[in-house]
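Working notes, structure below.
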Amino acid sequence: MIGVILNSINSPEDLRRLLPRDLSELAIELRHYIIDTLSNHPGHLASSLGTVELTLALHYVFNTPDDKLIWDVGHQSYAHKIITGRKEVFPTIRTYEGISGFPRRDESPFDPFGTGHSSTSISAALGMATASKLQGNPSRQHIAVIGDGALTGGEAFEALNNAGVSKANILVIVNDNGISIDKAVGGLSRSLTRLIASHRYNELKRKAWNNLGGNEAGPRRHNRRIGFFQHLTAMAKGLLIGRNNMFESLGFRYFGPIDGHNIDDLVDMLAKLKDLKGPRVLHIVTKKGKGLKQAEVNPVTYHAPGKYDSETGVQIINEEADQPLKYQEVFGYTIVELAQRNERIVGITPAMPTGSSLCMMMEQMPDRAFDVGIAEQHAVTFAAGLAAQGMIPFCNIYSSFAQRAYDQIIHDVALQKLPVILCLDRAGLVGDDGPTHHGVFDLAYLRPIPNITICAPMDEHELRNMMYSAQLPDKGFVAIRYPRGASVNVEWKNAFEEITFGQGRQIRDGEEVAILSLGHIGNNAIAAVEKVEEATGKKIGHYDMRFLKPLDAALLDEVAQRYKHVVTIEDGVVKGGLGSAVVEYYNEKGVSLDIRVLGIPDHFIRHGSIFQLQKDCGIDAESIFKVVVGMLQNK
């Protein structure tokens with residue numbers, strides 16, 4: 001239900017017509033609307049609940065969209081979407097042909113920069129501020145809201161280092177909620193906590209400001225006071241906290257910390273900062289999940305909780321019996337089992353211990369499992385360092401996030417032939433999170449790299465066997481990719497069996513047409529083959545390649561001798577993956593076959609259910625069936 005005040009807000013211009021006293025009530029209505037809507041239309045709940053007051057204050061004070069507001073970790077932006085003209089379509093969020101769960105430039109002029117991955121906002125805002133200056137508009141404001149642990153990402157530090165000496169008109173808002181998707185980790189988190197917790201510092205800062213005349217001064221005198229005040233408080237931080245403030249050391253004016261849920265204070269502070277020039281940081285403290293008790297208590301679970309009761313907040317869980325485990329859970333149980341057998345095994349994740357299920361190992365073996373923060377580059381090189389000293393690191397990264405560590409994968413692992421096991425979670429189409437999160441490029445970007453083995457399990461038994469085989473001696477650098485969600489069999493815990501690297505397997509014997517699949521998508525091929533045989537009486541061959549690199553040359557030679565038509569199927573991009581590898585192999589051999597390559601087409605895939613997106617890409621069972629029947633009919 002949309003509240004009375006919120007019902008009148010269709011743009012930030014409407015918001016700015018409100019009296020300041022109305023903003024608190026609007027925040028309540030906005031928070032209720034998010035809670036009510038997401039209870040039946042699942043999305044990222046806790047993060048957006050934590051930024052309601054901040055969103056209203058930013059759009060109330062700044063002249064968006066002329067002033068540029070960039071959200072880091074875009075799942076904080078639901079309130080922003082609602083008050084920037086997307087209120088009526090908000091229930092379509094993350095659904096097929098509905099609005100995105102993240103800011104998108106092609107969705108609204110109020111989204112100046114698309115964000116799905118983290119730690120990019122400061123770089124983007126600095127680029128925009130530099131462009132505005134070069135274009136003769138130095139007074140335009142550029143605001144980067146960075147939170148949910150995004151400051152642990154290396155790009156954020158690189159941008160801070162550059163922006164602090166740039167004199168660019170940029171305001172960085174540190175939305176400090178002490179958590180990313182899981183609890184925030186690292187020295188920066190502790191540093192921010194020290195700033196928040198220092199009562200002596202905050203009391204001294206308040207008294208100093210009041211003694212200097214507070215806000216009762218003209219603009220020029222006000223700026224001089226702020227400069228002196230900043231110098232004074234920087235000295236106080238060094239004395240009372242034991243170190244200089246990082247942001248001020250980099251050249252920023254630092255303000256805060258202030259309560260990120262006190263909208264009056266936010267509006268007041270932002271109005272003051274709007275009149276200042278140069279790089280500034282406002283440090284606000286918020287509660288992830290604010291306004292829903294369960295989300296406040298358990299922000300990890302309620303980061304994206306699925307359906308829940310909007311009144312009580314209790315999750316609505318489908319407890320059907322005998323459901324297969326998710327691949328992520330199989331990974332979690334398996335790495336613990338392997339680590340119990342092999343003391344050299346360690347686990348690494350860049351800020352996704354719960355999503356990847358590495359949390360299981362972290363709970364049972366805390367000294368051998370590491371959350372390194374949102375730092376994919378560091379995670380890979382950290383793994384390389386461990387491997388160089390004789391450890392066996394399983395580095396678990398979401399597939400689309402691993403793109404950020406491409407140089408480290410090549411330079412620090414493959415080039416040095418280090419035995420790192422790279423587990424690429426969320427490979428293939430991931431559904432409602434959309435193009436920023438689909439893990440469809442990994443096969444294509446990993447295949448050209450020397451000294452790497454690339455494999456993909458078709459079910460949970462193969463995942464376990466691949467993990468087991470990868471940690472055996474002399475296996476080198478191994479990448480294992482698997483999708484988000486449920487595996488295939490209810491009985492998942494098979495006895496470990498070593499897989500011969502580079503060897504596929506026959507699923508079904510046939511004639512005329514052979515299907516070559518890689519990974520979980522092969523289960524769609526099984527369904528298609530059964531339907532073809534039922535419809536035509538023809539037996540269709542099906543082979544689970546298991547390995548993209550090295551390819552099973554003996555299997556491909558057998559297929560060339562026995563079949564006229566070949567269909568390759570993968571849930572990765574068609575350019576550079578399995579299909580490309582098979583075509584290249586047969587071309588080098590001088591073999592002429594009718595080959596049809598099925599996979600992700602050469603454009604970014606929208607968000608929607610995995611079934612719908614597979615259908616759009618032509619890799620669902622029905623599409624495979626039609627391709628095979630067409631080949632049989634044309635002969």
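Failed condition for PHE255, given (1) open to solvent by less than 30 Å² (accessible area, probe 1.4 Å); (2) closer than 29 Å to ARG21 by Cβ; (3) touching a residue at least 40 places away in the same chain (Cβ under 8 Å), with all others met?
Result: PHE255 fails condition (3) only.
So for the range 473-491 (the condition being at pLDDT below 95, among the charged types (D, E, K, R), more than 27 Å from the chain's Cα centre (by Cα) and farther than 30 Å from PHE102 by Cα), does at least one residue qualify?
The answer is yes; a qualifying residue exists.
Among the residues of the range 457-476, what is the count of those that are open to solvent by less than 10 Å² (accessible area, probe 1.4 Å) and either hydrophobic (A, V, I, L, M, F, W, C) or not in a helix (DSSP H, G or I) (or both)?
The total comes to 6.
Testing GLY127 on (1) under 20 Å from LEU171 (Cβ atoms); (2) of a type outside the set (Ser, Thr, Tyr); (3) in contact (Cβ under 8 Å) with a residue 24 or more places away in the chain, one condition comes back false. Which one is that?
Of (1) under 20 Å from LEU171 (Cβ atoms); (2) of a type outside the set (Ser, Thr, Tyr); (3) in contact (Cβ under 8 Å) with a residue 24 or more places away in the chain, only one is false for GLY127: (3).
For the structure I just gave you, tell me whether TYR586 is buried (at least 22 other Cβ atoms within 10 Å of the Cβ) and of a type outside the set (Asp, Glu).
Against the criterion (buried (at least 22 other Cβ atoms within 10 Å of the Cβ) and of a type outside the set (Asp, Glu)), TYR586 does not qualify.
Within the range 408-425, restricting attention to residues that are part of a strand (DSSP E or B) and of a type in the set (A, V, I, L, M), which residue is nearest to TYR327 (Cα to Cα)?
Taking the candidates together, the pick is LEU424.
Taking the options LYS564, LYS575, name whichever one is basic (Lys, Arg), out of contact with any strand residue (DSSP E or B) (no Cβ under 8 Å at 6 or more places or on another chain) and open to solvent by 50 Å² or more (accessible area, probe 1.4 Å).
LYS575
Output the residues belonging to the range 580-623 that are assigned to a loop (DSSP other than H, G, I, E, B), under 30 Å from SER100 (Cα atoms) and not small (Gly, Ala, Ser).
Matches in the range 580-623: PRO601, ASP602, HIS603, PHE604, ILE605, ARG606, HIS607, ILE619, ASP620.
Select from the range 412-429 the residues that are open to solvent by 10 Å² or more (accessible area, probe 1.4 Å) and either closer than 21 Å to GLU570 by Cβ or touching a Ser or Thr at 6+ places or on another chain (Cβ under 9 Å) (or both) and list them in ascending order.
ASP412, ARG426, LEU429
I'd like to verify a number: residues in the range 11-39 that are under 29 Å from the mean Cα position of the chain (by Cα), over 21 Å from GLU296 (Cβ atoms) and not hydroxyl-bearing (Ser, Thr, Tyr), how many?
Number satisfying all stated conditions: 1.
With the condition kept exactly as written, say whether any residue in the range 488-508 is in contact (Cβ under 8 Å) with a residue 12 or more places away in the chain and within 25 Å of ILE605 (Cβ to Cβ).
Within the range 488-508, one or more residues are in contact (Cβ under 8 Å) with a residue 12 or more places away in the chain and within 25 Å of ILE605 (Cβ to Cβ).
Taking LYS549 as the residue in question, decide whether it is without any contact (Cβ under 8 Å) to a residue 40 or more places away in the chain and either open to solvent by 30 Å² or more (accessible area, probe 1.4 Å) or among the basic types (Lys, Arg) (or both).
No, not satisfied.
Please enumerate the residues belonging to the range 284-299 that are assigned to a loop (DSSP other than H, G, I, E, B) and buried (at least 19 other Cβ atoms within 10 Å of the Cβ).
The answer is THR286, LYS288, GLY289, LYS290, GLY291, LEU292, PRO299.
Which numbered condition in (1) in a loop (DSSP other than H, G, I, E, B); (2) open to solvent by 40 Å² or more (accessible area, probe 1.4 Å); (3) touching a Phe, Trp or Tyr at 6+ places or on another chain (Cβ under 8 Å); (4) not acidic (Asp, Glu) is the only one that LYS531 fails?
LYS531 satisfies all of (1) in a loop (DSSP other than H, G, I, E, B); (2) open to solvent by 40 Å² or more (accessible area, probe 1.4 Å); (3) touching a Phe, Trp or Tyr at 6+ places or on another chain (Cβ under 8 Å); (4) not acidic (Asp, Glu) except (1).
Can you work out which of the residues in the range 118-150 that are open to solvent by 40 Å² or more (accessible area, probe 1.4 Å) and charged (D, E, K, R) is farthest from ARG105 (Cα to Cα)?
LYS133
Can you work out which of the residues in the range 373-407 that are assigned to a loop (DSSP other than H, G, I, E, B) and in contact (Cβ under 8 Å) with a residue 60 or more places away in the chain is surrounded by the most Cβ atoms within 10 Å (Cβ to Cβ)?
ILE374
Which members of the range 44-63 meet the condition of being open to solvent by 10 Å² or more (accessible area, probe 1.4 Å) and closer than 20 Å to SER139 by Cα?
Across the range 44-63, the qualifying residues are TYR60, VAL61, ASN63.
Considering only residues that are touching a Leu at 6+ places or on another chain (Cβ under 9 Å) and open to solvent by 30 Å² or more (accessible area, probe 1.4 Å), which ones fall in the range 612-622?
The answer is GLN614, and nothing else.
What residue, among those in the range 477-498 that are among the aromatic types (Phe, Trp, Tyr) and in a loop (DSSP other than H, G, I, E, B), is least open to solvent (accessible area, probe 1.4 Å)?
That would be TYR482.
Take the residues in the range 99-117 that are touching a Phe, Trp or Tyr at 6+ places or on another chain (Cβ under 9 Å) and of a type outside the set (A, V, I, L, M, F, W, C); name whichever of them is most open to solvent (accessible area, probe 1.4 Å).
Selected residue: ARG105.
The values are calculated or read from the model by the stated rules, or taken from the named source; none is laboratory data. This is a predicted model, so every value here is computed, not measured. Because the Cβ atoms are built from the backbone with ideal geometry, glycine has one as well, and the counts that use them run over all protein chains shown. Ligands, DNA and RNA are excluded from the accessible area calculation, which covers all protein heavy atoms including side chains. Shrake-Rupley method; radii C 1.70, N 1.55, O 1.52, S 1.80 Å.
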